[in-house]
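Report on the following structure.
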Amino acid sequence: MSTAAVEFARQNQPRFLNELKDLLRIPSISTLPEHSGDVRRAAETLASEMRRIGLETVRLIETEAGKTRHPLVYGEWLHAAGKPTVLCYGHYDVQPPDPLDEWLTPPFEPTERNGNLYARGAVDDKGQMYMHLKALEALFKTRNGTLPVNVRVILEGEEEVGGEGIAAFVREHPEALKADFALVSDTEMFAPELPTLCVGLRGMIYTEIEVRGAKTDLHSGMYGGAAPNPFVALAQIIAGLKDREGKILIPGFYDDMEAPSAEEKAAWKRLPFTRSITAKRRWDRRC
């Protein structure tokens, strides 16, 4: 099965590449209102392609009516009875290409150079996302229009502006994305020609801290040291988040963390990378 699909992909690589280039030419810049039409055009292009390759129930999902929001693109194939369901995620919006003078070639005119494809979105995330669709096409074509597992595909157009639309959709319609596991190809390869499976990512949190001091400005020569300084307090708060070796000092932060397994450590040791003794000791102590 996989051999036939891979061979199909190899034979159709020139077409796949040209299709990707056409997608990359669409300036789907979600952060700029003047490109909202381009973002929608990219969404419609992907929906059309998803229908063409064999996905079903393909539709655009408006994220917030009445506001300048960019649609989700959804498609599925759920006929593999008794098999797991994979949720494929990607985003079709891109960041602005500024500063333009740092580009060797126009950002929305895909250019092949030294075996690489250069364009805005070629690796974040149109390139990886489109590989998912082409892999599905190869499987459909070599399995008489079927897939070995159940598949849901969700593509968003607001990843570069915070992803509020998809966050709301997940909260309100969890059953629409129900799956046994998710596949996201928006990370990196460990090294050239070394396929990499990333099984976990660090999370992020945004917060705002307000520190208040005296009502009026106090002269540092007369009051410095005696009157608390909000800037010093902020520096102390931030400095207290980690120790000098990088350990996070937030109470309870490590309570639910699982140590890497022996198999994981063995796999890491096989990677073409040499850690310093200091880094190794630091990691062993945390684990």
Given (1) 22.9; (2) 21.2; (3) 19.9 as possible values of Kirkwood radius over Cα pairs in Å, the one from the coordinates is (1)
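Express the accessible area of the chain per residue in Å², computed with a 1.4 Å probe while the remaining protein chains stay in the model.
Numbers: 19240 Å² over 287 residues.
Heavy-atom SASA per residue in the chain reads 67 Å².
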Computed from every Cα-Cα pair in the range 1-138, P(r) in 5 Å bins starting at 0 and rounded to whole percents is 2, 9, 17, 21, 19, 14, 9, 5, 2, 1, 0
HN-Hα couplings for the range 199-211 via Karplus (6.51, -1.76, 1.60; θ = phi - 60°), in whole Hz with x for Gly/Pro, come out as 9, x, 10, 5, x, 9, 9, 9, 8, 10, 10, 10, 10
Counting only DSSP beta bridges with both partners in the chain, the antiparallel fraction in percent, to the nearest 5, comes to 50
Highest mean packing first, using Cβ neighbours within 10 angstrom, the peptides 204-216, 37-49, 112-124 sort as 37-49, 112-124, 204-216
Along principal axes, largest first, the alpha-carbon spread of the range 66-134 in whole Å comes out as 53, 41, 13
One would report the antiparallel percent of DSSP beta bridges in the range 39-164, rounded to the nearest 5, as 65
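Compute and list, largest first, the equivalent-ellipsoid semi-axes of the range 142-287 from the alpha carbon gyration tensor, each √(5λ) rounded to a whole angstrom.
43, 27, 14
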For 170-176, 184-190, ranked highest to lowest by mean beta-carbon neighbours within 10 Å, the order is 184-190, 170-176
For the M131, E264 Cβ pair and Förster radius 41 Å, calculated FRET efficiency rounded to 0.05 is 0.95
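Between Y223 and T111, what's the calculated FRET efficiency when r is the beta-carbon distance and R0 is 45 Å? Round to 0.05.
On the way: r = 61 Å, r/R0 = 1.35.
Efficiency computed from Cβ-Cβ geometry: 0.15.
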Under the helix-only model (-39500 (n - 2.57) for each DSSP H run of 4 or more, divided by the residues of the chain), the mean residue ellipticity at 222 nm, to 500 deg cm²/dmol, is -10500 deg cm²/dmol
Taking every alpha carbon pair in the range 184-246 and sorting the distances into 10 angstrom bins from 0 up to the bin holding the longest one, the percent per bin comes out as 14, 27, 20, 18, 11, 10, 1
Sorting G252, A214, V199 by the position of each Cα along the dipole of the range 179-270 (Lys, Arg +1; Asp, Glu -1; all at Cβ), the one nearest the positive end of that ordering is A214
Percent relative contact order for the chain, counting Cα pairs under 8 Å at least six residues apart, stands at 19
Placing each pseudo-label 7 Å from Cα in the direction of the beta carbon, E7 and L271 end up separated by a distance in nanometres of 3.5
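If you stretched the chain out fully between R171 and K242, how much longer would it get, using 0.36 nm times the residue separation minus the C-alpha to C-alpha distance? Kindly include the intermediate steps, with their values, before the conclusion.
Values: separation 71, 0.36 × 71 = 25.56 nm, distance 3.26 nm.
Additional length available on full extension: 22.3 nm.
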Expressed in angstrom and rounded, the centroid-to-centroid distance over alpha carbons for the range 13-27 and the range 95-155 is 7
Once the mean of 1/r over all distinct C-alpha pairs in the range 118-174 is inverted, the Kirkwood radius in Å reads 13.5
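Beyond a 32 Å Cα-Cα separation, which of these cross-linked pairs lie in this structure: K83/K134; K83/K126; K21/K83; K83/K247; K141/K178?
On the way: K83/K134 21 Å; K83/K126 28 Å; K21/K83 34 Å; K83/K247 42 Å; K141/K178 26 Å.
Result: K21/K83; K83/K247 exceed 32 Å.
Using a 1.4 angstrom probe on heavy atoms only, work out the carbon and sulfur share of the accessible area of the chain in %. Walk me through the numbers on the way to the answer.
Details: 10550 of 19240 Å².
Result for the chain: 55 percent of the exposed heavy-atom area is carbon or sulfur.
The values are calculated or read from the model by the stated rules, or taken from the named source; none is laboratory data. Since this is a predicted model, take the numbers as computed values, not measurements. Cβ: placed from backbone, ideal geometry, glycine included. Neighbour counts: every protein chain shown. For accessibility, only protein heavy atoms count, side chains too; no ligands or nucleic acids. Shrake-Rupley method; radii C 1.70, N 1.55, O 1.52, S 1.80 Å.
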